[in-house]
Each structure stands twice: as C-alpha cells, then as structure tokens.
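Below: one structure, written as structure tokens.
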C-alpha cells in the first residue's frame, strides 16, 4: 500500500499539480495587464497633473516588483515545496520589459533625448547611475533567456551569467531609495525584501559548500 502523504505534502502536491496545468502564456498575459491599464489611464488623463513622471514611476516600480517576484521563486520552492520554476523566464522577461519601458519613458518623454543632459545626469546623479547599471545587467539576461542560448552557452556558464540578476535587483532597489528624496518607508521595504532574499541565497550556498 502506498504510504499516505502528510497533510502538508498533500497540499504541496495538489498545488504543484495545479500549477503544472497553468499555461506560461497566461503569466505573460496577466503580466501585461498593468501596462494596458496604464495605457488606459494615459488616454483618459488619469495619471494626474504630471503624467510623464507618474508613468515613469509606475512602470519602474512594476519592473522592480517583477524582479523581486523572480528572486522569490527559488526561496518559495525551498521553504514551501511549491514550485514556480517553469514561470521564472516569463517573470524575468516581464521585469525586463517594464524596466526598459521605465527607461524609455525617461529618455523619450521626460528628458526628450537631450543627449548632453542625459550623459551629465548619468555621471552626476547617483540614482541614475545606479539605475543604468542595473538596466545594463538585465540586458544580457533578457538576450539569453531562451533555450538556444542555454544550449550554446552550456548550463554552468548560463547560470553564472544569470546571477547578474542579484546585482540588478539590488541596483533597482537602491535606485528606488535614492530617487525618492523624502525617504518614505515603501522604497526601504523593497530594499529590505531584496536584501533578505539575497541573504537567504547566500546562506544556502554557503551551507551547500560546507556540505
């Protein structure tokens, strides 16, 4: 007779069974919904007295939220047994899409492609410097988030490259803290969550190295 699963194990098995039936395209569709909502707010004048700044802020925060969600997938599996690994690529690409949109709003609508000013801001304003470094770290991850790149690079090299997401996440959280000058709690919460997720990964890696 098969041994009965503990209640927690049965719940995990049921949850993972349900998740395996969820198509990946649905994650992309749900992830695109905030962008569609923002588009509606733009055409309906629903972004307040400074719509460009509001749009820039909202898509940037969405990008950070998706980065945090991607970082949380492995800890969630380790701590609860619930696996969202098959959705990690979609979450990562959505994160890159929103961060790229955040940068595009700044370049095209806010600073309006004044390249001399853009160069000065990147050098002189720490929050822009950090944000640009974080975006630069995400670019190779987005370009290699496909099966062909994984086969060409090999699993080990691919995994090493994709550890850049740790830097990108920290840079994004620090960028958010620096850009909000009044020091409200929300950016600090994001920074704390990112730091906590990275600390968990470091702890598990050290434990694995000792074992």
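Of the listed requirements (1) surrounded by fewer than 16 Cβ atoms within 10 Å (Cβ to Cβ); (2) modelled with pLDDT of 95 or more, residue 64 misses just one: (1).
Of all the criteria given as (1) in contact (Cβ under 8 Å) with a residue 12 or more places away in the chain; (2) buried (at least 16 other Cβ atoms within 10 Å of the Cβ), the one not satisfied by residue 121 is (1). If I filter the stretch 47-60 for residues that are surrounded by fewer than 15 Cβ atoms within 10 Å (Cβ to Cβ) and touching a residue at least 12 places away in the same chain (Cβ under 8 Å), do I get at least one hit? No, the stretch 47-60 contains no residue that is surrounded by fewer than 15 Cβ atoms within 10 Å (Cβ to Cβ) and touching a residue at least 12 places away in the same chain (Cβ under 8 Å). Report whether or not residue 192 is under 22 Å from residue 51 (Cα atoms) and either surrounded by 13 or more Cβ atoms within 10 Å (Cβ to Cβ) or over 13 Å from the mean Cα position of the chain (by Cα) (or both). Criteria not met by residue 192. Restricting 107, 103, 141 to those that are touching a helix residue (DSSP H, G or I) at 6+ places or on another chain (Cβ under 9 Å), surrounded by 12 or more Cβ atoms within 10 Å (Cβ to Cβ), over 30 Å from residue 50 (Cβ atoms) and free of Cβ contacts under 8 Å to residues at least 60 places away in the same chain reduces the list to 141. Tallying residues that are out of contact with any helix residue (DSSP H, G or I) (no Cβ under 9 Å at 6 or more places or on another chain) and surrounded by 13 or more Cβ atoms within 10 Å (Cβ to Cβ) within the stretch 144-155 yields 0. Residues that are over 18 Å from residue 173 (Cα atoms), in a helix (DSSP H, G or I) and touching a helix residue (DSSP H, G or I) at 6+ places or on another chain (Cβ under 8 Å): does the stretch 121-134 have at least one? Yes, some residue in the stretch 121-134 is over 18 Å from residue 173 (Cα atoms), in a helix (DSSP H, G or I) and touching a helix residue (DSSP H, G or I) at 6+ places or on another chain (Cβ under 8 Å).
Can you tell me which of (1) in a helix (DSSP H, G or I); (2) touching a helix residue (DSSP H, G or I) at 6+ places or on another chain (Cβ under 9 Å) is the one residue 183 doesn't meet? Here residue 183 meets the rest and fails (1). Residue 78 meets each of the listed conditions (1) more than 20 Å from residue 23 (Cβ to Cβ); (2) surrounded by fewer than 16 Cβ atoms within 10 Å (Cβ to Cβ); (3) without any contact (Cβ under 8 Å) to a residue 60 or more places away in the chain apart from (3).
The values are calculated or read from the model by the stated rules, or taken from the named source; none is laboratory data. What you are looking at is a predicted structure, and each value in this text was computed from that prediction instead of being measured. Every residue, glycine as well, gets a Cβ built from its backbone with ideal geometry; the counts of neighbours run over all protein chains shown.
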